[in-house]
Amino acid sequence: MVVDSHVHIFPSNIFSAIWQWFDENAWPIRYRLSTSRVLEYLLSRGVNHVIALQYAHKTGISRMLNRYMAKKCSEFPNSVTGLATVFPGESNAEEILKEAFNNGLKGIKLHAHVQCFDMNATEMDIIFDLCESEKKPIVMHVGREPKSTSYHCDPYIICSAKKLERVLQTFPKLKICVPHLGFDEFSDYRELIEKYDNLWLDTTMVLTDYFPIENAVELDCFRVDRIMYGSDFPNIPYAWDRELKWLKTSGLPYDSLEWILQKSAHNFFKLDK
């Protein structure tokens, strides 16, 4: 069984704006598909379950995005799990998230590079407190890479493994997943998942030999029960299954692959088995 723990869906106008930004500032998007086509594409090619993510790039749109996510999940009731979003610091953040959880969304997605938040800022406590008490996980892009000069903040200032460790210590029952294996602080994040049982990482884009990573990621050195496979589909510049092929030929034991491709995600998101 394969669970893709990192798939993006957005309304068509926001998808178009994101793809235009990538064209100008990052890489060419290979798969320019509508939300329904994104989900159908993966589920028809051997992916058994999709974790659908989104993020609000400004205040005032979170509630709309969350309702959109809930609607799309209802169209794929047994094979898609959706996460909510909120813009850190916006008014009524707690109310927005409670509504999203009541509508069936199973956690939240935050992206520090886009939303320009400092995870140690006081305004974040509202989000962390609620998710901890409601037992809702957070997928939070707080690794420093991949960065862009087009962001309105410097990820190297607001993101670091040390900053995340303060969150893990303050909210020990809050489950957090950091995408991209914490790129570029791989060794620091490898140590954190050994130290903290409330931290997971996903593999998104760092197993594909796309980024110029100085030292190859040795996945067999990581705690595999805290590693989840994620594709970043559809916002990728290469074939959708490139990372799956890497895993298939990696030489990792079957038990490790089972954790990475399925069991870690089941534990993190509490998926029905």
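If you take every residue apart from Gly82 with its C-beta less than 9 Å away from the C-beta of Gly82, what net charge results, scoring Lys and Arg +1 and Asp and Glu -1?
On the way: positive: Lys72, Lys106; negative: none.
That sum, taken over residues with Cβ under 9 Å, equals +2.
Using the scaling law 2.2 N^0.38 Å as the reference, what is the normalised Cα Rg of the chain? Can you show the working numbers first?
Details: Rg = 17.0 Å, N = 273, 2.2 N^0.38 = 18.5 Å.
In units of the 2.2 N^0.38 Å rule of thumb, it is 0.92.
In the range 166-232, which trypsin sites (Lys or Arg not before Pro) are in a loop and have at most 12 other Cβ atoms within 10 Å, using DSSP for the loop call? Don't skip to the answer; put the middle values down first.
Working: sites: Arg166, Lys173, Lys175, Arg190, Lys195, Arg223, Arg226; in loops: Lys173, Lys175, Arg223.
For trypsin sites (Lys or Arg not before Pro) across the range 166-232 that sit outside H, G, I, E and B with at most 12 neighbouring Cβ atoms in 10 Å, the list reads Lys173.
Give the value in nm², to one decimal: projected area of the alpha carbon convex hull of the range 73-171, averaged over all directions. Display every interim value, and only then the final one.
On the way: hull surface 28.6 nm².
That works out to 7.1 nm², a quarter of the Cα hull's surface.
Which GluC sites (Glu not before Pro) in the range 137-217 pass both tests, a DSSP loop state and at most 10 other beta-carbon atoms within 10 Å?
Values: sites: Glu165, Glu185, Glu191, Glu194, Glu214; in loops: Glu185, Glu214.
Listed in order of number, the matching sites are Glu214.
Through the Karplus equation 6.51 cos²θ - 1.76 cosθ + 1.60, θ set to phi - 60°, convert the phi angles of the range 137-148 into ³J(HN,Hα) values in whole Hz; use x for Gly and Pro.
x, 10, 9, 10, 6, 10, x, 6, 10, x, 9, 8
Test of understanding: in a Gaussian network model of the chain with alpha carbons linked when under 10 Å, which of Tyr210, Tyr156, Tyr189 would top the mean-square fluctuation ranking?
Taking springs between Cα atoms under 10 Å, the residue moving most is Tyr210.
Just to confirm my understanding: which cysteines in the chain have no other cysteine beta carbon less than 4.7 Å from their beta carbon?
Flagged as lacking a Cys partner: Cys73, Cys131, Cys159, Cys177, Cys221.
Test of understanding: ordering Phe15, Phe211 by Cβ neighbours within 10 Å, fewest first, what list do you get?
Values: Phe15 20, Phe211 12.
By the 10 Å Cβ count, ascending, the order reads Phe211, Phe15.
Residues with amide H under 5 Å of Val86's amide H, sequence separation 5 or more or different chain, H placed in the peptide plane at 1.01 Å from N; which?
Ala56, Lys109
Since every read-out is calculated from the coordinates, none of them should be taken as a lab result. Model, not experiment: these values are computed from the prediction. So basically every Cβ, Gly included, is an ideal-geometry build from the backbone, and we count neighbours across all protein chains shown.
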